[in-house]
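Scroll down for the structure; my scribbles are underneath it.
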Amino acid sequence: MLVVPKDHYPDLAALSADGGLLAELTEQAHQVAEAEGIAGRGYRVVFNTGPDAGQTVPHVHAHVLGGRALSWPPG
C-alpha cells in the first residue's frame with residue numbers, strides 16, 4: 001500500500017522540513033497496517049529518495065510492506 005500526502009514534496013529530504021506532516025504520514029502508514037491486519041506481526045515503511053534508491057515518482061510517498069516475513073538486508 002502507498003501513503004501519499006496531498007501537498008507536493010519531491011522527496012523525503014524536502015518533506016523532512018515539515019516535521020508535522022512527516023509525523024502524520026507515519027501515523028497514516030500505521031493506520032494502513034492496522035487496516036490491512038499486518039500491524040500485529042510487523043511491517044516496514046519505505047521512502048525511496050533519489051534515483052539510486054529507486055525513486056521513480058517525483059512526489060514523496062511511503063510504501064507500507066508486510067503480510068509476510070521480510071528479510072534483511074532488503075534488495
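Table for the structure above
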| quantity | calculated |
| --- | --- |
| Per principal axis, descending, Cα span of the range 2-66 in whole Å | 31, 26, 15 |
| 15 Å cut-off, amide nitrogen to a point 7 angstrom out along ASP18 Cα→Cβ, residues in the range 37-75 | 59-62 |
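Read-outs throughout are calculated quantities, based only on the coordinates presented, and are distinct from any laboratory measurement. Quick caveat: nothing in here was measured; it's all calculated off a predicted structure. Ideal geometry is used to build each Cβ from the backbone, glycine not excepted, and the neighbour counts take in all protein chains shown.
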